[in-house]
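To keep things clear, I will list the structure first and then write my remarks on it.
Where a number appears in this text, it was derived from the coordinates with a stated rule and is not lab data. Remember, it's a predicted structure, so these values are computed and weren't measured experimentally. So basically every Cβ, Gly included, is an ideal-geometry build from the backbone, and we count neighbours across all protein chains shown.
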Amino acid sequence: MTQAAGQAPRTTKGLNGHMLMAAVVSAISGLLYGYDTGIISGALLQISEEFHIGNTMKESIAAGILLGAVIGSLSCSLLCERFGRHRTILLIC
């Protein structure tokens, strides 16, 4: 491959370990996020019968659980940056 004058050489690297790990973690996180959504939809049937709640409250419960997942992931990422992954995992456990 020839290179035109004044252009920097292009390097084409494949998938490295860090990129692969980020992709795997993102895929698993998305899977778990969808799984939580599916679980709460099945649990809401039993919750609504037990506690006699309406549609608005069901929507609030589902939104609250997903909001908690978002807040948890954001706060854990901040803790990992500040204290490190090992200490954060020990704190969560």
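Which percent of Cα pairs goes in each bin when the distances of the chain are cut into 5 angstrom slices starting at zero?
2, 10, 12, 13, 13, 10, 10, 8, 6, 5, 4, 2, 2, 1, 1
Mind sorting Ile39, Ile47 by how few other Cβ atoms lie within 10 Å of their own Cβ, fewest first?
Ile39, Ile47
With only alpha-carbon atoms in the gyration tensor, what are the semi-axes of the equivalent ellipsoid for the range 38-92, in Å, largest first?
Working: eigenvalues 219, 23, 11 Å².
Here the semi-axes work out to 33, 11, 7 Å.
Based solely on its DSSP helices, what 222 nm [θ] is calculated for the chain when runs of n ≥ 4 H residues each add -39,500 (n - 2.57) and the sum is averaged over all residues, nearest 500 deg cm²/dmol? Each step should come with its number before you reach the end.
Details: 3 runs with 72 residues, N = 93.
Mean residue ellipticity, 222 nm, calculated: -27500 deg cm²/dmol.
With a sphere of radius 10 Å drawn around the Cβ of Thr88, what net charge do the other residues whose Cβ falls strictly inside it have (Lys, Arg +1; Asp, Glu -1)? Each step should come with its number before you reach the end.
Values: positive: Arg82, Arg85, Arg87; negative: Glu81.
That sum, taken over residues with Cβ under 10 Å, equals +2.
Using r as the Cβ-Cβ distance of Asn55 and Leu32, and R0 as 25 Å, what FRET efficiency do you calculate, to the nearest 0.05? Mind showing how you got there, number by number?
Numbers: r = 26 Å, r/R0 = 1.05.
The value I calculate is 0.45.
Counting Lys +1, Arg +1, Asp -1, Glu -1, what net charge surrounds Ile61 among other residues with beta carbon under 15 Å of its beta carbon? Can you show the working numbers first?
Numbers: positive: Lys58; negative: Asp36, Glu49, Glu50, Glu59.
So the environment of Ile61 carries a net charge of -3.
Which ³J(HN,Hα) values, rounded to whole Hz and listed in residue order, are derived for the range 44-53 from phi using the Karplus coefficients 6.51, -1.76 and 1.60 in 6.51 cos²θ - 1.76 cosθ + 1.60 with θ = phi - 60°, glycine and proline given as x?
With the stated coefficients, the range 44-53 comes to 5, 4, 6, 5, 5, 6, 5, 9, 6, 9 Hz.
Which residues in the range 22-36 have a backbone N closer than 19 Å to a point placed 7 Å from the Cα of Ser75 along the Cα-to-Cβ line?
33
Would you mind ranking Thr37, Thr88 by Cβ crowding within 10 Å, fewest neighbours first?
Lowest to highest Cβ neighbour count: Thr37, Thr88.
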